[in-house]
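Peer 1: My structure is below; once you've seen it, I'll send some questions.
The values are calculated or read from the model by the stated rules, or taken from the named source; none is laboratory data. None of the values given here were measured: they were computed from a predicted structure. Please note: Cβ atoms are built from the backbone with ideal geometry, for glycine as well, and neighbour counts cover all protein chains shown.
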Amino acid sequence: MSGIVSTILICILYLFFTLMGMSLIKAGYDSPALFQIPLINVGVSVRLLIGIIFYGLSFLTFVFFVSRLKISVAIPVVSGIYCVFTVIIGYCFFHERITAGQIVGITMVIIGTVLVGIFKG
């Protein structure tokens, strides 16, 4: 597999793990708790635990991903994509409103991500 194709696949895998982790952690707070952590007053559910595992996989994938690209390109591009998909997931699965300000912000993030990709130097 060529270098660019494998890097893109790793990026997609990283985003998948990160978005799943974030979504499951958010959903885990509304799920029945298996046990409580009194120190931080959090009920730990199965979804929360799976979300934490996904975040762990996300971290490992991220380390591999940034080792293959310039950090000045990798972080802004992935962060932009993450930001856009986070708003979409919030809207689709958690019934959060998307405001006009968010739409403007998402548009700016997309433009910025494209510019960072084009002018990566």
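Peer 1: Within the bounds of the stretch 44-58, is there any residue that is modelled with pLDDT under 85, part of a helix (DSSP H, G or I) and out of contact with any helix residue (DSSP H, G or I) (no Cβ under 7 Å at 6 or more places or on another chain)?
Peer 2: No, that holds for no residue.
Peer 1: Considering the stretch 90-101 alone, what residues qualify as being at negative phi and surrounded by fewer than 16 Cβ atoms within 10 Å (Cβ to Cβ)?
Peer 2: Within the stretch 90-101, Tyr91, Cys92, Phe93, Phe94, Glu96, Arg97, Ile98, Thr99, Ala100, Gly101 qualify.
Peer 1: Yes or no: the stretch 34-44 includes at least one residue that is in contact (Cβ under 8 Å) with a residue 40 or more places away in the chain, of a type outside the set (S, T, N, Q) and not assigned by TED's automatic domain parsing to the domain that holds Ile111. Full working, then the answer.
Peer 2: Step one: filter the stretch 34-44 for residues in contact (Cβ under 8 Å) with a residue 40 or more places away in the chain, giving none.
The answer is no, given that none of the residues of the stretch 34-44 is in contact (Cβ under 8 Å) with a residue 40 or more places away in the chain, of a type outside the set (S, T, N, Q) and not assigned by TED's automatic domain parsing to the domain that holds Ile111.
Peer 1: Then there's this: Among the residues of the stretch 16-41 satisfying the criterion of being aromatic (Phe, Trp, Tyr) and over 25 Å from Phe65 (Cβ atoms), which is modelled with the highest pLDDT?
Peer 2: In this case the residue turns out to be Phe35.
Peer 1: So which of Thr113, Thr86, Thr107 is among the polar types (S, T, N, Q), in contact (Cβ under 8 Å) with a residue 40 or more places away in the chain, assigned to a helix (DSSP H, G or I) and closer than 23 Å to Ile8 by Cα?
Peer 2: Thr86
Peer 1: If a residue has to be more than 19 Å from Gly90 (Cα to Cα) and either of a type outside the set (Gly, Ala, Ser) or buried (at least 16 other Cβ atoms within 10 Å of the Cβ) (or both) to count, how many in the stretch 15-57 make the cut?
Peer 2: 16
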